[in-house]
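**Student:** What follows is a single structure, and I will ask about it in a moment.
The values are calculated or read from the model by the stated rules, or taken from the named source; none is laboratory data. Note that this is a predicted model, so its numbers are computed, not measured. Methodologically, a virtual Cβ is constructed for each residue, glycine included, from the backbone with ideal geometry; neighbour enumeration extends over all protein chains shown.
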Amino acid sequence: MSTTVPGLTSPAGRTIRRRVLPALVRTESLRLLRNPVPWLGLALSVWALWTTVPEPGEWPGSSYEGVTPTVAPLLFGISVAVATTFHRGRTEVAPAAPVQEARRALARLLAALPFLVVTAGFAALIGWREHDLGGLWLGMEPGRTTEAFHTVAELSQHVALGLVAVALGAALGRRVSRLAAVLPALFVLWFVAMTYWLFGARSVTPFSVIQVQPVPVPVGPPSTDPLSLPADWLLVGPPHTSGWDRQLVSESLAWWHDVWLLGLALLLLAVAWPSEGRRRLAAAGLVLAVLGVVGQQVVIP
């Protein structure tokens, strides 16, 4: 007695293919969620967030600037987990395989989407923590506040960063031949090359990955009388700076930065993707990245 396997182009074959994708997503999701590295990264990020509090004598805005980069360990953990699962995609499947590599890559990507929920939860935790502290400090006398809170635009960056972390892990996992080389590369990228203070200059701030505000805007030399400036400005001056600066938080800058991050994520996914669909991802990513950078250049103070 023989068994006939339906062809992949037949109605029965198409039904099998539709059922395979959810099954692959479930399998990959379990693998990703069982990986301890993202959860260790989350624990380190929560610890870093809880230890970032305003302290007397700190650089004006130090605690406000220090909150956003606390997400770096979580992002590193997400990239490591995704790199591990995408590294298996380096093994080519046979041309006649029932599930082609593009569909497998899509399943791996969909399986990683719960990590975006984790980064959104961490952003919500930041908002709750800041309100629990009564706000953070910005500026110095006579222009100072002790009730500064990150805007929704700034907090939304964490979700976009989660997508970048997924895409970066996918790209390195898929294209680097040895998984052991991916881990130090991710460590350097998330904790060194993407460190926010490297992008403090106005000319490079739009290209930052983890973007930190406020943006310093020069308003006068050291001899400027701060009382002559508008009372609602958050100011920082000597001895912290060579002149008087205004510390400005721009929601528009933060929103355009999210667009830049989405473009960057698509460009990285294009690197990780099989040949089918790679050009469309790259084109969409390039458009969003350019729009994000141009938009930031227009609105940056």
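**Student:** Going through segment 153-174 one residue at a time, which ones are in contact (Cβ under 8 Å) with a residue 40 or more places away in the chain, aliphatic (A, V, I, L, M) and within 24 Å of R246 (Cα to Cα)? Outline the logic, then answer.
**Tutor:** Start the filter on segment 153-174 by keeping residues that are in contact (Cβ under 8 Å) with a residue 40 or more places away in the chain, which leaves 153-154, 156-174.
Then drop every residue that is not aliphatic (A, V, I, L, M), which leaves 153, 159-161, 163-168, 170-172.
Listed by number, the list holds a single entry, A153.
**Student:** Could you grab me the full set of residues in segment 233-251 that are surrounded by fewer than 20 Cβ atoms within 10 Å (Cβ to Cβ) and in contact (Cβ under 8 Å) with a residue 60 or more places away in the chain? Break it down into steps so the answer makes sense when it comes.
**Tutor:** Initial filter on segment 233-251 (surrounded by fewer than 20 Cβ atoms within 10 Å (Cβ to Cβ)): 233, 238-243, 248, 251.
Passing the criteria: W233, H240, E251.
**Student:** Considering only residues of segment 191-200 that are closer than 24 Å to I300 by Cβ and in contact (Cβ under 8 Å) with a residue 60 or more places away in the chain, which is surrounded by the fewest Cβ atoms within 10 Å (Cβ to Cβ)? Steps first, please.
**Tutor:** To start, the set of residues in segment 191-200 that are closer than 24 Å to I300 by Cβ comprises 193-200.
When the remaining residues are screened for being in contact (Cβ under 8 Å) with a residue 60 or more places away in the chain, the result is 194-196.
Numbers: M194: 19, T195: 16, Y196: 18.
Looking at residues that are closer than 24 Å to I300 by Cβ and in contact (Cβ under 8 Å) with a residue 60 or more places away in the chain, I get T195.
**Student:** In this structure, does S177 turn out to be buried (at least 16 other Cβ atoms within 10 Å of the Cβ), touching a residue at least 40 places away in the same chain (Cβ under 8 Å), closer than 29 Å to A270 by Cα and among the hydroxyl-bearing types (S, T, Y)?
**Tutor:** Criteria not met by S177.
**Student:** Could you list all residues from segment 33-61 that are in contact (Cβ under 8 Å) with a residue 24 or more places away in the chain, surrounded by fewer than 16 Cβ atoms within 10 Å (Cβ to Cβ) and under 17 Å from T145 (Cβ atoms)?
**Tutor:** V53, E58, W59
**Student:** Still on this structure, please answer the following. Just name the residue that is modelled with the lowest pLDDT out of those in segment 1-45 that are in a helix (DSSP H, G or I) and touching a Ser or Thr at 6+ places or on another chain (Cβ under 8 Å).
**Tutor:** So the first thing to find is which residues in segment 1-45 are in a helix (DSSP H, G or I), and the list is 11-34, 36-45.
Filter once more, so that each one left must be touching a Ser or Thr at 6+ places or on another chain (Cβ under 8 Å): 28, 31-32, 45.
On the way: E28: 83, R31: 87, L32: 88, S45: 97.
Restricting to residues being in a helix (DSSP H, G or I) and touching a Ser or Thr at 6+ places or on another chain (Cβ under 8 Å), the top hit is E28.
**Student:** Here is a list of conditions, (1) of a type in the set (G, A, S); (2) touching a strand residue (DSSP E or B) at 6+ places or on another chain (Cβ under 7 Å); (3) more than 30 Å from S79 (Cβ to Cβ), and S250 meets all of them except one; can you say which number that is?
**Tutor:** Evaluating S250 over (1) of a type in the set (G, A, S); (2) touching a strand residue (DSSP E or B) at 6+ places or on another chain (Cβ under 7 Å); (3) more than 30 Å from S79 (Cβ to Cβ) leaves (3) as the failure.
**Student:** Here's something else I'd like to know. Among the listed residues L113, L109, which satisfies the condition of being touching a residue at least 60 places away in the same chain (Cβ under 8 Å) and of a type in the set (A, V, I, L, M)? Please lay out each step first, then the result.
**Tutor:** Numbers: L113 fails: touching a residue at least 60 places away in the same chain (Cβ under 8 Å).
Sole residue among the options that is touching a residue at least 60 places away in the same chain (Cβ under 8 Å) and of a type in the set (A, V, I, L, M): L109.
**Student:** Take segment 124-137 and flag every residue that is over 14 Å from Y64 (Cα atoms) and either β-branched (V, I, T) or surrounded by 15 or more Cβ atoms within 10 Å (Cβ to Cβ) (or both).
**Tutor:** Result: L125, single match.
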